[in-house]
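Structure first, commentary second.
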Amino acid sequence: MPFGFYIIMAAQFFSALADNALLIVAIDMLRKVGAPPEHEPLLRSFFAVSYVVLAAFVGAFADSMPKWRVMLISNTIKIGGCLLLFAGAQPLYAYAVVGLGAAAYSPAKYGILTEYLPHRKLVVANGWIEGLTVAAIIFGTVFGGELVDEKIVSWFATFDLQPFDPTLLAIVIIGVFYLIAAVFNLFIPDTGVDHKPLNNNPLYLLHDFIHCLRLLWRDKLGQISLASTTLAWGAAATLQLIVLAWASPNLGLDLSKATRLLGVVAAGMATGAILASRISLRNSVQVLPLGVFMGFIILLMPLVTNLYLACVMLFIIGTCGGFFVVPMNALLQHRGHILMGAGHSIAVQNFNENLSILLMNGAYALLIFWSLSANTVVVLFGLFVAGSMFLVKRWYTASQRTTDAVSQLDNI
């Protein structure tokens, strides 16, 4: 890999680390002010809403200028979200601003891979990017958990850093990671790709986005990979919150210790992502059955009350998820790059995936509002994952009968 690829990875690592650490701190802030329990999944929803609402515009924005500049602007917006949280804004609204920056960041982050690297290296590059992103989730989630741990909070308090209380100090520390990511953004190489001027007509951009959306959903391989990643990322975001709720009644863990379980899931995802980097684009669809298997493993979670057994199970779930999503993500990027260009393709992907997050998190918040137990929610979630992934597998089997799907794979 060229050296610039490692700069891209470093920028992504620190930005993703800060995103996940800030989520845990925001959850802790909601609990401290006595917010209703359903507000916690709504944090993810507020973060994801920008991906859905601005999907028609961020792709064009990412394609309008060098990707490093887009990533720098996006990180600056995330820093603004940190400042709002520091100033005492409602955590849901402040985290929504961070989501706004992330929505603009994502098309540039993935789009630069298709501009900078040949398509034969896309699976490997995605394996490393996803593996590193998951590593950032591990360290970010665990780091956020440590920042809200009672022992760390008490230790912070001993320094009497007026006017900073321990929560504000945690936000400042997370803001530093966003600044580090911004510095790396400045050193990302320009790929030399010509960038189209940004069309300022919202109606044109909306029409163009709808055209791209239809294009990917009608493509025989695009529709399968898009459906797979849409379900996978929606399930992953919801699982993160479900584990935090499930860990208390089944394992007796508080928020700080429960975040370490998310680190175990993320470690499994990183392992699966690295293993999946050996899969070629032509063989990427062979991972579809793993999605069904992952749903059945989730169904076993209510039976687990031992911490070590829980770690093994969550690691297996994470490994299946990482091994599943990386080839599907690479295939989707490849088809999208051919059909419409990198930025537009990733914007379409983000729209679908974050709409899935909004719907799944909204359904989860509703289940909490109805006072369903954590184990009941886990069972319903596992059945949904297994069933939906099975339907995607059947969909692909049906599409294999058409010459388009076969020829698209043969031409990779």
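Residues in the range 247-271 that are modelled with pLDDT of 85 or more, buried (at least 22 other Cβ atoms within 10 Å of the Cβ) and farther than 21 Å from residue 147 by Cα: 1 in all.
Of the residues making up the range 218-225, not a single one is closer than 30 Å to residue 302 by Cα and among the β-branched types (Val, Ile, Thr). Restricting attention to the range 85-111 and to residues that are free of Cβ contacts under 8 Å to residues at least 60 places away in the same chain and buried (at least 19 other Cβ atoms within 10 Å of the Cβ), the residue that is farthest from residue 45 (Cα to Cα) turns out to be 104.
The values are calculated or read from the model by the stated rules, or taken from the named source; none is laboratory data. Since this is a predicted model, take the numbers as computed values, not measurements. With ideal geometry, Cβ positions are generated from the backbone for all residues, glycine too; neighbour counts draw on all protein chains shown.
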